[in-house]
Each structure stands twice: as structure tokens, then as C-alpha cells.
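Student: Here it is: the structure, laid out below.
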There are 2 protein chains.
Amino acid sequence: MADALTAKGRATRARLVAGAADVLREQGVAFTTLDDIRARTGTSKSQLFHYFPDGKDELLLAVAQFEADRVLEDQQPHLGQLDSWESWQQWRDVVVERYEQQGDQCPLGALFLQVGRSRPGARAIVTELMRQWQQQLADGIRALQANGLVSSALAVDRTAAALLAGIQGGVTVMMSTGDSTHLKAALDTGIEHLRSTVAPDAAPPISGTAAAAPH
Amino acid sequence: MADALTAKGRATRARLVAGAADVLREQGVAFTTLDDIRARTGTSKSQLFHYFPDGKDELLLAVAQFEADRVLEDQQPHLGQLDSWESWQQWRDVVVERYEQQGDQCPLGALFLQVGRSRPGARAIVTELMRQWQQQLADGIRALQANGLVSSALAVDRTAAALLAGIQGGVTVMMSTGDSTHLKAALDTGIEHLRSTVAPDAAPPISGTAAAAPH
DNA sequence: CGGAAAATGGACCGGCAAGTCCAGAAAGGG
DNA sequence: CCCTTTCTGGACTTGCCGGTCCATTTTCCG
């Protein structure tokens, strides 16, 4: 039997993935060797290949999945409850804070570029993450519509796609320039765009909440 | 004197950069060796190090600059003339086409991740590109304002930043999923956002030009 | 022409990092 | 308590790839 893992085995494997994720965040994929990971996690070469027989690629893939799982988790519970302007604003703040803290590391992007075309699994991980993310944003917009806060004529999926793109791009730019202006601009403009479509019947005035901050 | 390049020398150097750019687009930075580049460009190791004494990093940096220069060029002349809805639409189409054609290659992103933290120059190249790009978008929005097509109350720089983020993110997502939906959504939603702020005095009705295409 | 500077070819080196292997320690379970 | 399976340690191999070096050819310029 191929995967008969004891408790100790599972622990070692998990330590390997988490430790690898840390090292990769710090040094970047291109500059990280298996020996770095081995040293950090207090393991030996044989353990690494015992749990990841296909070597580095397989480990990297596991780390990618590990990181992908984190992304949406870190945005909860707000991302799952986008039914009022307040919750959108809180979510926005969490996103900004999370990525500002992450700084110029984009573990997932880097991993994807590295493993990308060699292993088909990498693409699947990112695609699935994007799908779920956009789904939750779309659900949030629909919740606003249900509450009469956003025009029901709005193209929900397209708007959610645009917002997701803005976030991704904001993060991309921040990684390059070290500045979160674009991320904030994308989020704020996206939310402002939602607010500007307020349904004609129940339309509370736009308070300065999201429209502040010139640049 | 360090940089006394003859005509022949300049040609070889240029061939090296252009050829390297091709190979890097095809194979990705991580999987490209100096020998690949040497083979493709019909040069020898000594030539490579003759023109790029600091080796691979220096060559990669030159390629990054080469690619960066292309990005804005490919969007001209539209990007420099964004003074009517038609020109915005044409520009949008060019951007979509350019990146759809590029497919899942992002030479600049990949180069940045590879050279990124080792050479400070890499960050400068990307930062400058973003600055110019956003500048031209902002100029375009101001041109619309001057023509009374967009409310003069709009925060130009923030909107331009959000639009740029949307483009970057759209490209990022397309690289991962192979699908340009998000890029189009970001561009169309961005333009729609501009249209929705039409100045109260001179406000021609919104024709279906940009608001078409559900998803 | 002729000498200097630039350009070119390609053999060679050295290090590094992925992956292999086997011996031995620790669990597990009947 | 013993035998099997899993887990661990670390030395070793192997190939690749960035970088060096020097001999040779070509170009430039007075």
C-alpha cells in the first residue's frame, strides 16, 4: 500500500509542507533549495523523498495547495457575508491588510510560474481558487441586490470578474512597486461602482465612506 | 574605455537580447539556460559574457527592459489618444488582442520574479513602466473630462490606478486560467464606470457600445 | 599596410543541488 | 516479545550550468 501514514508520518509531512512554505515565502522559489527546506524543517533528504517521491515538483505542488487554501480563509468571515456596505468595507480592509503584510511576496504566483507548465496540477489549483473567489464576490453582490442596495440590472458575474481582476492586479503592482495604492484604488473604485448603481426606489445617499482618499 | 561598441558589436548585442527574449517567452525563465540562448542566437559563450560581463543577471535585466519598452509601444497610437469613447474602445480591443495573443506568457512578470530581489534594477524597470502606463490612462481620462464626456468631479488618478490594476489582474488571471474573461471584464467595467459619471450638462445617452456582452 | 582594439570560438572548470541508497532506529500489532 | 512496516540519517553520485580563459579572427584607423 502506497500511502500508509502513521501519526508521526503525517506530522512530518505537514511540517515539511509548512516549513517549505515559510522558506519559499522568504527566499522565493528560484533561490530555495531542498537543502534549505531540509535544514529549516529538521528533516533529512530521505524523509523528503519518502513523503514526496516525485521530488521537488511534488513538494512545490503541495505547498501551492497549502497557500491557496490560506488565501480565502484569511478573508473570512467577511468574504462569506458580504450583505451590507459595512461588511464590504470590512472585507476590503482585511484584504488590504493581508496583502500589505505579505509585502512583496506572492508565494502562489511564484510557485505557479515555477511549476506551471511542467505539472498540469498547478494550473488547476489556481483556476479553482479564482473560481471560488469570484463566486463568493458574486454571491456578495447578489446579497446587496437582494437588500435593494444595488441595481438588479447589474451584470453580476462580469462585475465580480472585474473586481477580482482589480484585486489580482493591485497585488501584482504592489509586488513590483512595494506600494498598495493600486490595490486600494481597485477595491475602492470597485465598491464605488457598486454604490453608483443603487436601485432607484430605495436609495440612501452615498456617504463619504468609500469615496474618500484622493490618492 | 569600457563600452566601445562597433556596428557589428551592437548588432550582436541586439541579437542576443532579442533572441533571449524569444527563448524566455517560450520556455520561461526557470527553464532557460545560457546555452539555449547561445544556440538560438548563434553566438558563443565568450560573446555573451563579452557583452554582459555580469552574466545571466545582466542579460535578463536587458531583456526585461526590452520587454517593458514593447508593452506601451504595442498599445500605441491609441493609448496616447484616448480623447473619445471610440478611441477608448479601440485601445481596449488592442489590449485584449495583444494579451490574448501572448497567451500564458508573461515575460516581464517572470523576469521580475527571477531577478527581482537580487538586482535592484528590475524593480525600477517595472515601476517606471507602471508609472508611464498609469500616466497615459490618466491623461486619457482628463481628455474625456475636457471634452465634457466625463464628470470633472471624478478622482482621475485613483480611477486610472484602478483601471491599471484591473488590466494587470486580468492578465494575471489569464496566465493562470488561459481565459481572457477577466481582462475583458476589467476593461469593460472600467470604461463603463467612466461613462456612468457623464457630466450632468452635456450628457449624450449611453449607446450599447461598451455596455454590451453579458459575460 | 600594420598594429591595436574589438569580436569570436569553444574547450574547460568548479560548484551546486537534485536525487539515490542503504543501514539503522522507532512504531505497530499480533 | 518478535517480526514487519514505517520512519529517519546522511553519505554519495550525477549531471547540469554558470562562468573563465586563451587562442584566433576580424575590424578599425592612422
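Student: Can you give the Rg and Dmax of the protein assembly as shown based on its C-alpha atoms, in angstrom?
Tutor: Reported Rg and Dmax, both Å: 23.5, 76.
Student: May I pose another question? Using the Cα centre of segment B:80-211 as the reference point, and only Cβ charges (+1 on K/R, -1 on D/E), how large is the resulting charge dipole? Debye, rounded to the nearest 20. Can you show the working numbers first?
Tutor: On the way: 10 positive and 13 negative charges, 114 e Å.
For this selection, approximately 540 debye.
Student: Here's something else I'd like to know. Report, in debye and to the nearest 20, how large the dipole of segment B:7-53 comes out about its Cα centre when Lys and Arg carry +1 and Asp and Glu carry -1 on their Cβ.
Tutor: Details: 8 positive and 4 negative charges, 60 e Å.
Once rounded to the nearest 20, the dipole reads 280 debye.
Student: Considering only the label points, 7 Å along Cα→Cβ from Cα, what distances in nm to one decimal separate residue B:103 from the same position in each other copy, shortest first?
Tutor: List, nearest first: 3.6 nm.
Student: With viscosity set to 1.306 mPa s and temperature to 10 °C, compute the Stokes-Einstein D of segment A:65-195, Rh being the Kirkwood radius across alpha carbon pairs; µm²/s, no decimals. Don't skip to the end; give the middle numbers.
Tutor: Values: Rh = 15.3 Å.
Approximately 104 µm²/s, per Stokes-Einstein.
Student: Explain nothing, just compute: Karplus ³J(HN,Hα) = 6.51 cos²θ - 1.76 cosθ + 1.60, θ = phi - 60°, for every residue of segment B:167-175 in order, whole Hz, x for Gly and Pro.
Tutor: Using θ = phi - 60°, the values come out as 5, 4, x, x, 5, 4, 4, 5, 5 Hz.
Student: If Lys and Arg each add +1 and Asp and Glu each add -1, what is the summed charge of the other residues whose beta carbon sits under 13 Å from the beta carbon of residue B:92?
Tutor: Numbers: positive: B:98, B:184, B:195; negative: B:86, B:93, B:97, B:100, B:188, B:192.
It works out to a net charge of -3.
Student: Residue A:27 label points, 7 Å along Cα→Cβ, one per copy: pairwise distances from this copy to the rest in nm, shortest first?
Tutor: From this label point to the equivalent ones elsewhere in the assembly: 2.4 nm.
Student: Assuming a strict under-20 Å limit between Cα atoms, what lysine pair count do you get for the protein assembly as shown once near-sequence pairs (fewer than 8 apart, same chain) are dropped?
Tutor: On the way: A:8/A:45; A:45/A:56; B:8/B:45; B:45/B:56.
Value for the protein assembly as shown: 4.
Student: Also, I was wondering about something else. So for chain A, averaging the separation of alpha carbon pairs under 8 Å that are six or more residues apart and normalising by length, what relative contact order in percent results? Walk me through the intermediate numbers first.
Tutor: Working: 200 pairs, mean separation 38.3, N = 215.
Reported as a whole number, the value is 18 percent.
Student: Next up: In square angstrom and rounded to 100, what buried accessible area do you get between chains B and A, total over both, with the probe at 1.4 Å? Intermediate results must be reported in sequence, preceding the final value.
Tutor: On the way: alone 11570 and 11610 Å², together 19410 Å².
Using a 1.4 Å probe on protein heavy atoms, the buried area is about 3800 Å².
Student: Using a 7 Å offset from the Cα along the Cα-to-Cβ direction at both residue A:196 and residue B:45, what is the distance between the two label points in nm, to one decimal?
Tutor: Those two pseudo-labels are separated by 5.9 nm.
Student: Right, next: Just report the Cα centroid separation between segment A:112-178 and segment A:41-78, whole Å.
Tutor: 23
Student: Oh, and also: Quick check: pseudo-label points 7 Å beyond the Cα along Cα→Cβ at residue B:27 and residue A:127, how many nm apart are they?
Tutor: 2.7
Student: Turning to a different aspect of this structure: Mind jotting down the three principal axis lengths of segment B:7-53 based on Cα atoms? Whole angstrom, largest first.
Tutor: Answer, in whole Å and largest first: 30, 16, 16 Å.
Student: Compute the long axis of helix B:56-73 from its Cα atoms, compare it with the longest principal axis of the Cα atoms of chain B, and write down the angle in degrees, 0 to 90, nearest 10.
Tutor: The angle comes out at about 30 degrees.
Student: Relative contact order for segment B:31-148: what percent, with Cα pairs under 8 Å and sequence separation of 6 or more?
Tutor: Numbers: 70 pairs, mean separation 37.1, N = 118.
With pairs under 8 Å counted, the relative contact order is 31 percent.
Student: Calculate how steeply helix B:120-146 sits against the longest principal axis of the alpha-carbon atoms of chain B, using the helix alpha-carbon long axis, and give the answer as 0 to 90 degrees to the nearest 10.
Tutor: With both axes taken from Cα atoms, the answer is about 20 degrees.
Student: What are the trypsin sites (Lys or Arg not before Pro) within segment A:110-144 that DSSP puts in a loop, where the Cβ has at most 16 other Cβ atoms within 10 Å? Could you put the intermediate results ahead of the total?
Tutor: Numbers: sites: A:117, A:123, A:131, A:142; in loops: A:117.
Sites meeting the loop and neighbour criteria: A:117.
Student: With respect to the axis carrying A onto B, what is the closest chain A residue by Cβ position, and how many angstrom separate it from the axis?
Tutor: Chain A residue with minimal Cβ-axis distance: A:169, 1.
Student: Counting only C-alpha contacts under 8 Å and six or more residues apart, can you give the relative contact order of segment B:7-53 as a whole percent?
Tutor: For segment B:7-53, the relative contact order is 39 percent.
Student: For residue B:75, which inter-copy label distances result when the label point lies 7 Å beyond Cα on the Cα-to-Cβ vector, reported in nm to one decimal and in ascending order?
Tutor: Going from nearest to farthest copy, the values are 2.4 nm.
Student: Rounded to the nearest 500, what is the 222 nm mean residue ellipticity of chain A from helices alone, with -39500 (n - 2.57) per DSSP H run of 4+ residues and division by all residues?
Tutor: Working: 9 runs with 145 residues, N = 215.
Helix contribution divided over all residues of chain A: -22500 deg cm²/dmol.
Student: Counting only other chains, and only Cβ atoms inside 10 Å, what mean value do you get across the residues of A:187-194?
Tutor: Details: counts 2, 5, 12, 7, 0, 5, 6, 0.
Taking the mean over all residues of the peptide, I get 5.
Student: If the label point is 7 Å along Cα→Cβ of residue A:146, which residues in segment A:47-80 have backbone nitrogen under 14 Å from it?
Tutor: Inside the label zone: A:80.
Student: Could you size up the charge dipole of segment A:4-134 around its Cα centre, putting +1 on the beta carbon of Lys and Arg and -1 on that of Asp and Glu, and report it in debye to the nearest 20? Don't jump to the answer; show the numbers that get you there.
Tutor: Working: 16 positive and 18 negative charges, 149 e Å.
In debye, rounded to 20, segment A:4-134 gives about 720.
The values are calculated or read from the model by the stated rules, or taken from the named source; none is laboratory data. What you are looking at is a predicted structure, and each value in this text was computed from that prediction instead of being measured. Cβ: placed from backbone, ideal geometry, glycine included. Neighbour counts: every protein chain shown. Heads up: the accessible areas ignore ligands, DNA and RNA and are worked out on the full protein's heavy atoms, side chains in. Shrake-Rupley method; radii C 1.70, N 1.55, O 1.52, S 1.80 Å.
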